[in-house]
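Read the structure below first, then the notes.
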Amino acid sequence: MGLDLRLFSVTPKAQFEGQSLGAENFADKVGRSTSRWMTVRGRHSRGCLGLIAVWLFCHLAAAQPPSYPLYCQGPLTTSAPTPLPIGPTTTPFVWASTGAGAQAPGPGQCAWADRAAGGPELVNGNGNVICDNVGLIASVPAGQYWEFGVYRDQASNNCMRITQYVGAVGPPFSATPALPPSHTPPSYPLYCMGPLTTGPPTPPPSGPSLTPYVWSATGAGAQSPGAGQCAWADRPAGGIEIQNGNGNSICDWSGLINGVPAGQYFEVGVYRDALHNNCMRVTRVIGVVSPPFSAVPALPPYVRPSVATLSAQQIASLRRGIQAMMNLDTVYATSFRFQANIHGTYDSAASPREVSAWNQCEHGSYFFFSWHRMYLYFFERILRAASGDPNLALPYWNWSDPNQRALPQPFWMPQTGNSLYIPVPGRPSGVDDGTSLLSDGTVDFSTAFMATDFDSLTGSGLSFGGQIASPMQFNGPHGELESQPHDVVHGALSGLMGDPDTAAEDPIFWLHHANIDRLWNRWIAQGGGRQDATDSAWLNTTFTFFDENGSAVNMTGQQVEDTAAQLGYRYDDDPPDPPQEPTPMPPRRAEVQPVQVKRTAISRPSPGNAPRHVLDELVSHVSVPLSDNALEILNSALQPGTSRHVVLQISDIQYAGSPGAYYEVYLDLPRDTPPSPKSPYFIGNLSFFALRPHRMTPSPSVGPREGGKRDFDVTKVVSMLRREHKWNSSQVTVTFVPTTGLVDKQRRPLPVATGKKASLGTITLSLE
Ligand code: C2O
């Protein structure tokens, strides 16, 4: 376990307050309905700024045992690190006099949440010592109570290792031995046949109600539990996760299990709840099922629904989950703001964990799809836990559907009681009330879907998934689908969505990206040789996220190729049944080093002092002079059946912020032809999303802050021009037509008003 202190700088108080201010205001607006965590975060923000200087949790191990809340009252005295200089510092403490209902540990004392005398997990752990690496515990102020998540670390003499800092709290403490957000271990399917009889809550009135049952005669292949019996999916005798758990009772608070009709089979997802005598806690309700049951010990994948199909109850779960995440302070990895900041942020990272976790979004390389899939996957798990709805799955916004071009209605104003709508500075107001719609051109993905290659050589964005380059390439050209429609939709929505350093703060981000993720599946499903990247860098590069417990987790590309089998979710229009046998692996390529694409220029090099081309709200034209032998090169290269492409590349694209417009780009558009994305002269859209590094990442891996690049495959237009004898062999003209990407309900384009203007360095035409 290494701590790199060089990464760490103390954030001035003002900045930290600025960082949490947005969420504070928000909390004030929504009222104090979820009072416990609101209270905690309010106190935290006022009282614990000093703690930030010792917040060093970035090296927590990925796999941790479940942890439990511990309340301590300062002052506590922490020893020197053992061993020096970076071992844990240990803080000895005295247990508060225990017994259910004991409210407050005294100074130098700690108490476990449910504080039953001799509570098993923590009290019996041998030794009243907290281990942490930074003396965090020593900074609990005298007379204050702080809450932590801890587990016994057997590798360090059973000291209590901190997994979470919950915050400054005050009595009365919750007697619920749970950490926010709820800890959900993996759960497994259990089939039961009714009738089952549920007991009263234990202890009354609010303990779980327990349903005792009998294991069905097990043995692989046994199909059906008898009445009052249950069987675990793979049903070998004593199958490990569930059957060895001691005790045949299901715990739930709802008496749900009680309702399984006599003679019917019911399937639920369960895990053993160590805090309630190992009863089986229900995490998901699958519903009535019938034999033959799957012998696969996995629950059916969650189904990500189209947002247009959500029930009122599903919308309520979504709002509740987002709200609960927003209520958490940014110091939690499971808070909405922390999650958004993983993508990109202007917030100052206050801890090494934040420094390493924030500003990680992958754009401009073939990691775009896999990184965002992982990001959404963990966000969805956190959201599900936060919502308290075990069946919640992240919806997608299918803007391809002409009837879904407006921002989905649950995301409209007003804000009251609606965590999905946040007032977004800079977003056209018609978006907020559904009167402005995304235009046809904004959502079009036909170019990307024609591509059959997932990746392309470094320097070329002419593939579905992007160029083969190491992570964090912002200056390179984006892949086809990333450019269009991904970037273009970001640009058309603008406001927070228009800037990668704020985009994920807008709740619609997650549904936009679910649709992008879905389109990845749709692209593969077209066949024709379409498959994911197969080289080891794409397959094995590790990215770090946080699960619903706030624990750091790593993932690689090869772990996210099959969403149903590997991540437990599918889209509602994915093929209905996940394949029972693993899909055969496509042939793997070994390491491919990023290799620069070879291009033969057919335009003249532009003089070093050429003025930049500024884009504003007017249509503009740029002439690109061709070299003398351009015609000759084209003639020999563009033979029928050629696999070569003519590429127009715009380089050194600069912009100070989202300009509130994107540009339709045309090649040799005749002056008397009105521009239309349907015309044969249209080559694509130029949008300004994630073409440059994060503002807040002064990291050497990011590379120089040169401007962005955008590639257009113009082979078809050039061939057409040549065929129709319209090709001008001395120059081509590139036309930029500004558009907001939005139309009104009559499908009339909204007027463009660009604020911050973008400008272009060079435009080159070449053969690839
Ligand atoms: Cu990483 Cu749509 O952005």
Inset, instruction - Working carefully through the options Val268, Val260, Val285, find the one that is modelled with pLDDT under 85, hydrophobic (A, V, I, L, M, F, W, C) and crowded, with 19+ Cβ neighbours inside 10 Å. - result: Val260
Legend entry - Yes/no for Val752 being within 30 Å of Gln404 (Cα to Cα), touching a Ser or Thr at 6+ places or on another chain (Cβ under 9 Å), more than 16 Å from the ligand (Cβ to nearest atom) and not in a strand (DSSP E or B): yes
Legend entry - Candidate set: the range 495-516, residues that are out of contact with any Asp or Glu (no Cβ under 9 Å at 6 or more places or on another chain) and open to solvent by 10 Å² or more (accessible area, probe 1.4 Å); chosen: the one nearest to Arg320 (Cα to Cα): Glu505
Legend entry - Residue within the range 521-532 that is within 30 Å of Pro428 (Cβ to Cβ) and among the aliphatic types (A, V, I, L, M) present: no
Legend entry - Answer residue from the range 295-346, given it is of a type in the set (Val, Ile, Thr) and within 29 Å of Gly657 (Cα to Cα) and is surrounded by the most Cβ atoms within 10 Å (Cβ to Cβ) among those: Val331
Inset, instruction - List every residue pair whose Cβ atoms sit under 7 Å apart, with the two residues 6 or more apart in sequence or on different chains, where the first one lies in the range 142-154 and is assigned to a strand (DSSP E or B) and the second, anywhere, is of a type in the set (Lys, Arg). - result: Val150/Arg161; Tyr151/Arg161; Asp153/Arg161
Legend entry - Some residue of the range 471-483 being within 16 Å of the ligand (Cβ to nearest atom), in a loop (DSSP other than H, G, I, E, B), closer than 30 Å to Ala406 by Cβ and open to solvent by less than 10 Å² (accessible area, probe 1.4 Å): yes
Inset, instruction - From the list Ala227, Ala220, Ala237, pick out the single residue that is modelled with pLDDT of 75 or more, over 35 Å from the mean Cα position of the chain (by Cα), hydrophobic (A, V, I, L, M, F, W, C) and open to solvent by 40 Å² or more (accessible area, probe 1.4 Å). - result: Ala227
Inset, instruction - Pick out the one residue from Arg384, Arg373 that is under 17 Å from the mean Cα position of the chain (by Cα), more than 16 Å from the ligand (Cβ to nearest atom) and basic (Lys, Arg). - result: Arg384
Inset, instruction - State whether one or more residues within the range 307-319 are over 30 Å from Thr541 (Cβ atoms), of a type in the set (Val, Ile, Thr) and touching a helix residue (DSSP H, G or I) at 6+ places or on another chain (Cβ under 8 Å). - result: yes
Inset, instruction - Scan the range 662-686 for residues that are open to solvent by 40 Å² or more (accessible area, probe 1.4 Å) and of a type in the set (Phe, Trp, Tyr) and report the count. - result: 1
Legend entry - Yes/no for Pro301 being more than 29 Å from Asp573 (Cα to Cα) and more than 16 Å from the ligand (Cβ to nearest atom): no
Legend entry - Candidate set: the range 341-366, residues that are small (Gly, Ala, Ser) and part of a loop (DSSP other than H, G, I, E, B); chosen: the one nearest to the ligand (Cβ to nearest atom): Gly344
Inset, instruction - Scan Leu496, Leu457 and give me the residue that is aliphatic (A, V, I, L, M), within 13 Å of the ligand (Cβ to nearest atom) and touching a residue at least 60 places away in the same chain (Cβ under 8 Å). - result: Leu496
Legend entry - Counted residues, the range 447-470 - those being open to solvent by 20 Å² or more (accessible area, probe 1.4 Å), out of contact with any Gly (no Cβ under 6 Å at 6 or more places or on another chain) and of a type in the set (Val, Ile, Thr): 2
Legend entry - Matching residues in the range 585-628 - criterion: being in a strand (DSSP E or B), within 37 Å of the chain's Cα centre (by Cα) and among the polar types (S, T, N, Q): Gln596
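The values are calculated or read from the model by the stated rules, or taken from the named source; none is laboratory data. It should be emphasised that the depicted structure is a prediction, and the values quoted were computed from it without experimental measurement. We place every Cβ from the backbone using ideal geometry, glycine too, and count neighbours over all the protein chains shown. All accessible areas refer to the heavy atoms of the entire protein, side chains included, with ligands and DNA or RNA removed. Shrake-Rupley method; radii C 1.70, N 1.55, O 1.52, S 1.80 Å.
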